[in-house]
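FYI, it's all coordinate maths here, none of it is from the lab. Please read these numbers as outputs of a predicted model, since none were measured by experiment. Neighbour counts run over all protein chains shown; Cβ positions are idealised from the backbone, glycine included.
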Amino acid sequence: MKAAIYRSGGSPDVLELADVPTPEPGPGEVRVRMVCAGVNPTDWKALATATGAPEGFAIPVQDGAGVIDAVGPGVAPDRRGERVWVLLAAHSGRWGTAAEYSVVPADRAVPLAASASFELGASLGVPALTAWHCLSPDGRPLHGASVLVSGGAGAVGNMAIQLARWAGAGRVVATVSGPDKGRLAAGVGADHVITYTDDDAISQIQAAAPEGIDRFVEVALDTNLDLDLAVAAPHARLACYAATPDTVVAMPVRALMAANLTVSFMLLYTVTPGELGAAVRAISAAVAAGALSPLPFHRFPLADAAEALAAVRDGAVGKILIDLPGA
Ligand SMILES: NC(=O)c1ccc[n+]([C@@H]2O[C@H](COP(=O)([O-])OP(=O)(O)OC[C@H]3O[C@@H](n4cnc5c(N)ncnc54)[C@H](OP(=O)(O)O)[C@@H]3O)[C@@H](O)[C@H]2O)c1
């Protein structure tokens, strides 16, 4: 099969298009004929820090969508032919989604509703799982809650707006850096879109959510903590999902105590299997209800996988997809 492979880590241009043996699914695994792969920041970051490919080569990219074409021992044979979205494909194995086929544990190939496009399926994975876990880290219902999503045009933020809407949030406020991103946030259901660089961003959010914000999905805790604290309702919950290796945040502990604010942190790779399963179920239900749509696409052929990862690294707005032949 054709695949974008790497033999040692580095910048996206270490990727090469190669012919490699088509993988066979082992016990409990399925093979997916990929239709498209969805690229996220984690893909270029993982490549940058990879120390090598112990088995000779590895294929990057966690997310994708396609059709199961083979199942390993212990997997129901009638899963063959199933349309699926794929998650965490490159996390614990070498068969990432930037290839004609990927092999993953059966529970990482999730049935994709017939009404959903493969492009949407490839846009779920990392962004939607992260968004859902941040919205509901403890499984508490969101019904009626006021939610603030920072970075509402980002992959995670845009999914967070939609999932909050689907889950019955009372009011969804999003912050963005400018009008183009504002349109992407408003287009998926944010009630209020606020430019976070405005001098009066805090009072705009307070006007939008006079009772205060109950849940925060936070992409930049270091720059936004003061704003978040200023607009938080008592007993609010703030989930932070992004940082650089050097990010350090000074916490105004007394003010956080006074607000009884809960600040939590998450990394998708280390959430519990139970938490991951809860997020998969919520996202699948939202897809089946027609509640999720993808960001505008930028499409790359497999031969240009390096350019696809570089586009994400360089801050492309929208969803970066790698097209694969498997429909
Ligand atoms: N913890 C996890 O498991 C996990 C999971 C998924 C993603 N992540 C990380 O989360 C980050 C975002 O991922 P993504 O896929 O959503 O990336 P993305 O599509 O590039 O979106 C990031 C968004 O954040 C916005 N932003 C940046 N600084 C901001 C600020 N101070 N206030 C409000 N918005 C701000 C950006 O827009 P402007 O710069 O124009 O404001 C951009 O729209 C990445 O660093 C990624 O590695 C972590």
Given unit charges at Cβ for Lys, Arg (+) and Asp, Glu (-), the dipole magnitude of the chain about its Cα centre in debye, nearest 20, is 620 debye
Please list, or write none, the lysines whose alpha carbon is within less than 22 Å of the alpha carbon of LYS319, excluding same-chain residues fewer than 8 places away. LYS45, LYS181
Percent RCO, i.e. relative contact order, over region 128-270, from Cα pairs under 8 Å lying at least 6 residues apart: 22 percent
Classified through the alpha carbon gyration tensor (a ≥ b ≥ c as square roots of its eigenvalues; rounded if a/c is under 1.5, else prolate when a/b is larger than b/c, else oblate), the chain comes out prolate
Report the gain in length on full extension from SER117 to THR262: 0.36 nm times residue separation, minus Cα-Cα distance, nm rounded to one decimal. 48.5 nm
Summing -39500 (n - 2.57) over every DSSP H run of at least 4 residues in the chain and dividing by its residue count gives a helix-only mean residue ellipticity at 222 nm, to the nearest 500 deg cm²/dmol, of -8500 deg cm²/dmol
Between ARG281 and ASP314, how many nm apart are label points set 7 Å from Cα along the C-beta direction? 4.3 nm
In whole Hz and in residue order, list the ³J(HN,Hα) couplings for region 54-69 that follow from phi through the Karplus curve 6.51 cos²θ - 1.76 cosθ + 1.60, θ = phi - 60°; x for Gly and Pro. x, 9, x, 8, 9, 10, x, 5, 7, 9, x, 8, x, 10, 5, 10
Relative contact order %, the chain, counting alpha carbon pairs below 8 Å whose residues are six or more apart: 20 percent
Helix 221-231 sits at what angle to the longest principal axis of the chain, using alpha carbons and giving 0 to 90 degrees rounded to 10? 40 degrees
Which residues qualify? For VAL75, with a placed amide H closer than 5 Å and at least 5 residues away or on another chain, they are GLY28
